[in-house]
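Nothing in this text is a laboratory measurement; each read-out follows from the coordinates by a stated rule. From a predicted model like this one, the values you see are computed outputs, not experimental measurements. Glycine gets a Cβ as well: all are built from the backbone with ideal geometry, and neighbour counts include every protein chain shown.
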């Protein structure tokens with residue numbers, strides 16, 4: 001018997017219901033929880049990256065040095081090296097009481113706070129090296145928090161809901177960036193007696209406030225439930241120490257990587273290339289953004305209001321749109337759109353470099369750039385989550401996110417030299433051009449997925 005086609009009225013009524021069902025996922029507890037944990041993850045990044053570069057430029061540090069200091073953020077690119085420890089090794093006392101994921105989350109959050117306190121008490125104009133040491137400690141602890149949090153997110157909900165969790169995570173992340181960017185600059189501005197010369201005390205107050213803000217992540221970690229995910233059983237205690245060590249290395253270090261390459265075979269190289277270069281245009285441009293604002297004559301309050309508040313609100317909107325678009329039209333289509341927009345909007349900053357101190361155009365450029373970044377980030381996190389096997393979620397996701405940052409962060413270290421050598425206009429045009437090969441990689445990845453049903457599915 002042939003089914004009766006739905007009437008146009010029925011189809012129209014399904015449309016709004018489908019959208020409402022897609023939006024309802026944002027009220028579920030795991031998604032709401034990810035909002036606050038995303039805040040904890042997003043807080044340290046700008047404090048060792050964007051906000052720090054503004055501080056260093058104000059303290060008289062040259063652009064080339066600022067670019068090289070940004071290599072502190074390479075800690076995020078090498079977190080795969082200790083991800084197996086986070087995935088499998090228990091922490092004394094903490095793991096027995098909080099569980100595998102929450103124990104590592106809490107320990108890393110406390111270390112982030114300690115690193116920020118150290119930065120707050122160190123003047124870069126007096127001892128830049130010591131400040132870099134504390135920034136590196138903060139970055140290492142933040143990267144460790146990311147490992148545990150990515151695994152916690154992946155293990156907290158089914159694959160179909162990962163885009164929504166990613167959007168909530170990005171929202172919390174961007175709210176933290178408002179606080180770590182606009183908040184830090186606003187606090188420093190309030191305690192700064194003069195914008196015309198450098199003062200250390202305002203930055204001390206700002207970074208101490210940021211360290212205290214890590215209490216948000218600590219509180220949520222203590223209250224959140226531990227994901228119920230099976231862990232490979234340990235060998236009997238009577239096994240030799242060498243045998244236990246070999247088994248642990250096989251399970252925690254070798255198996256996660258072997259699983260990924262076994263599932264994707266030769267396509268693994270393509271996927272790693274896509275992951276490595278998807279965000280390159282944004283990351284390379286980001287190192288010089290705050291020195292650029294400073295050199296264009298924008299004050300702390302102007303940068304805080306436009307780039308760190310209004311701009312981040314646009315990123316939140318982009319993350320929300322990206323999560324909904326991924327549910328409705330697929331992750332790869334949204335991924336492609338995000339790549340196009342992210343590269344194209346860098347050209348607006350080249351135009352701003354020509355115009356100079358133009359607050360209206362700064363609002364326009366920041367709005368377009370951050371909206372596209374939100375769409376791209378939300379889709380990209382969902383895409384990476386879909387590539388993981390939950391049996392090795394921490395290690396595999398750390399591999400992906402590390403590969404994502406390694407090449408861009410290294411290239412970004414030369415951004416200050418590029419600006420000093422060629423000027424801001426050429427620099428921003430070059431960062432836009434870096435995004436063009438990404439479009440080909442997304443297309444090839446989509447083609448590979450269409451050609452192989454069950455592409456990359458973990459064996460059961």
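A few comments on the model shown:
- Annotation for residue 433 and residue 329: the two label points, set 7 Å from Cα along the Cα-Cβ direction, are 2.9 nm apart.
- Residue order, fewest to most beta carbons within 10 Å, for 262, 199: 262, 199
- Residue order for 175, 105, fewest other beta carbons within 10 angstrom first, comes to 175, 105.
- Fully extended contour minus Cα-Cα distance, from residue 28 to residue 265, at 0.36 nm per residue: 81.7 nm
- Take the Cβ atoms of residue 247 and residue 133, set R0 to 22 Å, and the FRET efficiency comes out at 0.05.
- The listed peptides 118-126, 273-281, 130-138, ordered by packing as a protection proxy, come out as 273-281, 130-138, 118-126 (highest mean of other Cβ atoms within 10 Å first).
- Length gained on full extension, residue 258 to residue 89, computed as 0.36 nm times the residue gap minus the Cα-Cα distance: 58.9 nm.
- Residues 36, 361, 400 arranged by fewest to most Cβ contacts within 10 Å: 361, 36, 400
- Shown is the FRET efficiency for residue 205 and residue 420, computed with R0 = 30 Å from the Cβ-Cβ distance and rounded to the nearest 0.05: 0.45.
- Once the Cβ-Cβ distance of residue 96 and residue 223 is raised to the sixth power relative to R0 = 22 Å, the FRET efficiency obtained is 0.75.
- Extended-chain gain in nm, criterion 0.36 nm per residue less alpha-carbon gap, residue 358 and residue 78: 96.9 nm
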